[in-house]
1. Counting DSSP beta bridges with both partners in the protein assembly as shown, what percentage is antiparallel, nearest 5?
2. Provide an ascending nm list, one decimal, of label-point separations from A:N54 to the equivalent residue in each further copy; define each label point as 7 Å from Cα along Cα→Cβ.
3. So how far, in whole Å, is the C-alpha centre of the stretch A:39-94 from the one of the stretch A:271-311?
4. Along the Cα→Cβ direction, 7 angstrom out, place labels at B:A174 and B:A248. What is the inter-label distance in nm?
5. As I understand it, the value is the acute angle between the Cα axis of helix A:103-115 and the longest principal axis of the Cα atoms of chain A; what does it come to in degrees, rounded to 10?
6. Could you work out the relative contact order of chain B, using alpha carbon pairs under 8 angstrom and six or more residues apart, expressed as a whole percent?
7. Given chain A, what percent of its DSSP beta bridges are antiparallel, to the nearest 5?
8. Among B:V345, B:V62, B:V291, determine the one that fluctuates most according to a GNM of chain B built with springs between C-alpha atoms less than 10 Å apart.
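The values are calculated or read from the model by the stated rules, or taken from the named source; none is laboratory data. Quick caveat, the model's predicted, so the values are computed rather than measured. Here the Cβ positions follow ideal geometry from the backbone for every residue, glycine too, while neighbour counts run over all protein chains shown. The area values use the complete protein model at the heavy-atom level, side chains included, leaving out ligands, DNA and RNA. Shrake-Rupley method; radii C 1.70, N 1.55, O 1.52, S 1.80 Å.
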2 protein chains.
Amino acid sequence: MDWDRLYASRMRDVVASDIRERMKLLAAKQLIHLGGGLPDPDIFPYEAIAAASNRIWADRAVARTALQYAPSEGYGPLRAWIAAYMTGLGAPCAVDNILITNGSQQGLDFVAKLLLSPGDRAMVEIPSFIGALRAFDAYQPTYVGLPGGNPTDVKFCYAGPDFRNPTGTTMTLAEREALLDMADASGMAILEDGCYERLRYDGAPLPSLIALACARRGSVEAAPVLYTGTFSKMVAPSLRIGWIAGPAAVIRKLVLIKQASDLATSALSQMLLLDVVEAHLEETIATACAVYRERRDSMLAALAEHMPHGVRWSRPEGGLYIWIELPEQIDATVLTQRALEEQGVSAIAGAAFYPRGIAAERNTLRLSFSMIPTEPAREGVYRLGALTREMLQSSAAVTAISTA
Amino acid sequence: MDWDRLYASRMRDVVASDIRERMKLLAAKQLIHLGGGLPDPDIFPYEAIAAASNRIWADRAVARTALQYAPSEGYGPLRAWIAAYMTGLGAPCAVDNILITNGSQQGLDFVAKLLLSPGDRAMVEIPSFIGALRAFDAYQPTYVGLPGGNPTDVKFCYAGPDFRNPTGTTMTLAEREALLDMADASGMAILEDGCYERLRYDGAPLPSLIALACARRGSVEAAPVLYTGTFSKMVAPSLRIGWIAGPAAVIRKLVLIKQASDLATSALSQMLLLDVVEAHLEETIATACAVYRERRDSMLAALAEHMPHGVRWSRPEGGLYIWIELPEQIDATVLTQRALEEQGVSAIAGAAFYPRGIAAERNTLRLSFSMIPTEPAREGVYRLGALTREMLQSSAAVTAISTA
């Protein structure tokens, strides 16, 4: 059977991503994981979820709803809760402005499915979240970089304003306003990735792009922004509950995509999640922030202590990631390969985060501080620093020989 | 904001399906539901799921796995269980031949995403499952009908050999072999919808297309078939657990699609489901079959009692549906609309089940016997019969006048 002949052209270029590799590395427990961006399972609200679960099984009427198909739009009470939550974040939403998705990854896929035809222009921050790039790739866009790219005929700009994956950087208020100006002038939409918005460890929260657009336009109905959110990082990933917020007419289109894609998200997951967030969301966010803040601080201190001169890194105010720029003569793909094989430390070379058709900065890498405690993480940074120093010295020696 | 201008061309023709309407009708409890094909929540294994849930929350190590991201391929022990299950159904599979999906709907979407470029030919049974058609539509195929269509340059043929939605009809062994012959001769793939395979109430089980292909080719690796299965009808829909079985090389491609679409299916749902099916699958299938067999028998008897001369219907050996052919002068869209408004009975006009570009038989409708007990179902059939008789008499009167 010749399957290759049957594959759609769009599938030819699709390759395994580092996310997949990350999952596999989980199995190898002896590694120091600075690569994956998984939340730490120590902070999941087990008791709250178990109690919610008991409440469902104790009441047959509730249990029937939990095991039957949910509406494609999502479980009504959860949609209402998220609408109120978005309103609290400055983007007034009603139930019809919310579609429940399987994590925010499904939201990114759906928006690309709705908007992109092959060859359409999609603007993305450079570098960008690998999961978003892989979702968009299936619809064969031409990528345009932000900042600097021309917004003419761009369908949407994908942006993560708060401590985004992979750089950990935050857009200033002026940058947010400028991006909205660009959308207003060009007619493009904005796809805002809000997945880290609440994981802020320092500084005052800035309004999201959708909140600023609601303020400008008077209503979410006139806003050019679709916002994807998720409870994966705030509560637990495996409930697989995210959402898209946006104008009701666009949400109605996205509901049709949801229906054709997997009919509905689990009612059980939605009901468990709602029970937990109603009583415990702020507390679980506070726990996560306390744990991750300490890990970020420790990793930043370790980088300052162990990295050789010439290495630079971001200082994120939240999220899970630090972005490293090595001296230009170091190829981070080689460094991360050697770190894994020789030092037992995982990190992800930055090249993975650049879209097709846009040249990667090969001297970059992404570290995550979310998954492991401060001590092994410091040890991991120490080993990465030593390896970087060694590679710099080899490179200097080669340069010395070739100049001699 | 002009969103219409931004939508991809593929989204222009997408319209709300009857599945959506079915969901809404659930809210109107006073109706007699012969339209929806939802499983009856009375037969869900509540105690088994609650016990499985308690086991997860009682063991922190298990609970950590249940709440963290699962691998994109699926939870290993569940993949292994399904591989053994498929082997037991005559299609020897290993773990690498199985991808876990959110119900079989997601499997249908993924296979279409893998294989279809705009304008590619996709063969479907006429009429066909509406959820499959809506999934395929997003990739803009040209439809070819089965039987009768030309398989040249067809990417895949979508077929439901057992009591398929909407007709309730079953392919004979000779028809199955002929379809495999056609695939062998033309090089097309077969997408087998196995979602009702185990819901058989009479007669001996027939081998699935994938089982027959494994026998012909010696191994699933050489089979031209991808099989989609689901626990939605056998256990409970809202765990949202289905699977695709097929050659490992194709499954690897589909895993990349899963990753880009929603990263992974809920580990919690997969662990709950595995616990239930390990001990209780055959018992839950037996319960479902006993309940649905009685409802099918009762509905067939009611049709014989109440339908006027000239109405014909299928006699399904399993599944959830009966397909009705009315006399040609009756438009089932009018009948179902009047049944809903005047009689409080839901049924789905057959036109919904025909693909784009292929003319619908407008005198057909689908009834489901799954959702309500025998007595209200008999009352519903009585009302539909009376309405049909009235419409036939009006039509005869009109004919008499116009001939006069």
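1. Working: 36 of 74 bridges.
Beta bridges within the protein assembly as shown, antiparallel portion: roughly 50 percent.
2. 1.1
3. Going from one Cα centre to the other spans 23 Å.
4. Label at B:A174, label at B:A248, 3.9 nm between them.
5. Once rounded, one gets 80 degrees.
6. On the way: 738 pairs, mean separation 94.9, N = 404.
Relative contact order, chain B: 23 percent.
7. Numbers: 18 of 37 bridges.
Percent antiparallel among DSSP bridges in chain A is about 50.
8. Between B:V345, B:V62, B:V291, it is B:V62 that shows the largest mean-square fluctuation.
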